[in-house]
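Input: a single structure, listed below in C-alpha cells.
Read-outs: derived from the displayed coordinates by stated rules, not from any lab. Remember, predicted model here, so these are calculated numbers, not experimental data. Neighbour counts are summed over all protein chains in view; Cβ atoms, including those assigned to glycine, are modelled from backbone coordinates with ideal geometry.
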Amino acid sequence: MTAPILLTGVTGGLGAKILDDLLHIHKYPAANIIATSRSEDNRSRFESQGLQFRVADYTRPETLHAAFEGVGDLLFMSSSERDTPTRIIEHSNVVEAVKAAGVKMVWYVSLALGGFGNHSKIGFMQAHYETEQMLKHSGLKFISLRAGSYADAFPLFLNWYPSSTAVLMPNIYPHVDEGKAAWTSRDELGEGMATLLVKGLSSFPSVKPQTESNIILLSGPTAISPSALLEAINRGLGTNVRMKYLDPEPWVDLQAANDEGGKGAAWFKARLVWLQGLADGDAEAVDPALETLLGRRPEDGPTTVEKLVRAGPYYWHQNHMGPRN
Ligand SMILES: NC(=O)c1ccc[n+]([C@@H]2O[C@H](COP(=O)([O-])OP(=O)(O)OC[C@H]3O[C@@H](n4cnc5c(N)ncnc54)[C@H](OP(=O)(O)O)[C@@H]3O)[C@@H](O)[C@H]2O)c1
C-alpha cells in the first residue's frame, strides 16, 4: 500500500467535502486516509468510518511532528486564525514539521486574491504569500491551490443576514460595484481538489502550475459584481434588499455599532481594505483549471447564492464573531 494521505481541515466545510468525495466518489481506501483535527474529541467520528485519525494543531508543533510521520501526500488547509503574524507562525510550524517528517508532497490550500501575483494588499492574503515563500524555500515538493473567493461566504462579504433590509457599502474609488470577483462554489472547490489528489496532476496536462510558487488557480467561470450577488439573494428569497452607500468612516462606525454577528470596528476597517482590493480587481482572475478538473463549467456566483438561499435560512459561521474583532 502507498503511504497514507493526510488531510487537515476535514472538520470544516471545504475539507469535509474533499474527504466525502475521496471516500464516496473516488472510492479511495478509508484506511489509507489520515483525518486530523485540533481536537481529540473528533477521533471517534473518523475512526468509525474506517479512517485513521491523528491530532494536528498548527499552534502545537509536537502534534504536527507526530501527525506527519510516514505521510505521503498532505492536504495543508490554511489556518482560520485571522491575525496575520500568528497565522504565519502556525503555517511555519506546519512547514517545519513537514520537512522533518519527509512528507512527499504538500497541497497547500491558499486563496486566489491577486490572481497569480503577489500584490494584493488584503490582510488575510499576506500569510498565504508568506507560506508560499516558505514552501518554495523548503525544498519540498508542493502545489499552492489558490482557491477562488467562496460564493458561499456571501453573507460575510456583503455583511448580509436573513433579517437585513439593506446592505451597506462604503463610498470608495473605484466604486465597490467595480469589484468583480470570480466567486467560486466551496463544494466545487472541494470536488476539484479531491479529483486532483486522487488522479494527480499528470492526468490533467492542461493544468500547469504557474510561477515559482507552483500556483493552480481554482476559480468560478466569470467575474461578477457584489450587486449581482445581492440580486441573486433577492431572486431566491423574493426580497428587494438594496445597497446603500456611506462614506468609509461612518460606514465602519455604523456597521460596528449595529452588527448582528457582533463584529467590531477593527473587523470592518479590515473589510474596507478588502473591498478596496476587490474594487482594484484582486478577485477577478478567471482560470480554466477548475472546469478541467470538474469536467464541466463551474457554477457562477449568483447561481450558487440563489441555490443556497432557496434551500432555507442561510447563515455563514464566519459572519458571527466576537466584538474583539
Ligand atoms: N476561499 C475563501 O473565500 C475562503 C473563505 C473563508 C475561509 N477560507 C480559508 O479556507 C480554509 C478552509 O475553509 P472552510 O470553509 O473549510 O473553513 P472552516 O469550515 O471554518 O474550517 C476550518 C478548518 O480548518 C481547521 N483548522 C483551523 N485552524 C487550524 C489550526 N490552527 N490547526 C489545525 N487545523 C486548523 C479546522 O479544524 P479543527 O477545528 O477540527 O481543528 C477546520 O477543519 C479556512 O481555514 C480559511 O483559511 C477561504
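Only Cα pairs within less than 10 Å get springs; with that Gaussian network setup on the chain, which residue of 260, 188, 132 has the largest fluctuation?
260
Testing the spin-label approximation: label points 7 Å from Cα along Cα→Cβ at residue 116 and residue 269. State their distance in nm.
Roughly 3.6 nm, to one decimal.
What residue among 241, 74, 143 has its Cα farthest toward the positive end of the dipole of the chain, where the charges are +1 on Lys, Arg and -1 on Asp, Glu, each on the Cβ?
Sorting the options by dipole projection puts first 74.
Give, rounded to the nearest 20 debye, the magnitude of the charge dipole that the chain has about its Cα centre when Lys and Arg contribute +1 at Cβ and Asp and Glu contribute -1 at Cβ.
It works out to roughly 420 debye.
State which stretch of the chain is the longest one without any exposed chymotrypsin sites (Phe, Trp or Tyr not before Pro), exposure meaning a DSSP loop state and at most 16 other Cβ atoms within 10 Å.
The longest uninterrupted stretch comes out as 117-314.
Which value, to two decimals, describes the C-alpha radius of gyration of the chain once divided by 2.2 N^0.38 Å?
With N residues counted in the chain, Rg over 2.2 N^0.38 Å equals 0.99.
Straight-line reach from residue 99: which lysines fall under 30 Å, measuring Cα to Cα and dropping same-chain residues less than 8 apart?
Result set, ordered by chain and number: 17, 27, 121, 136, 141, 199, 208.
By how many nm would the segment from residue 317 to residue 240 grow when fully extended, if each residue of separation counts as 0.36 nm and the alpha-carbon distance is taken off?
Gain in length upon complete extension: 25.3 nm.
Count the net charge of all other residues whose Cβ sits under 11 Å from the Cβ of residue 236, scoring Lys and Arg as +1 and Asp and Glu as -1.
Here the count lands on +1.
Quickly estimate the mean residue ellipticity at 222 nm for the chain, helices only: each DSSP H run with n ≥ 4 gives -39500 (n - 2.57), and the total goes over all residues, rounded to 500.
That calculation yields -12000 deg cm²/dmol at 222 nm.
Stick to the Cα atoms of the stretch 19-131, pair each with every other, and give me the Kirkwood hydrodynamic radius in Å at one decimal.
15.2
On full extension of the chain, what length is gained from residue 60 through residue 32, given 0.36 nm per residue of separation minus the C-alpha to C-alpha distance?
Going from the current span to full extension adds 7.6 nm.
Of all DSSP beta bridges in the chain, what percent run antiparallel (nearest 5)?
Antiparallel: roughly 5 percent of the beta bridges in the chain.
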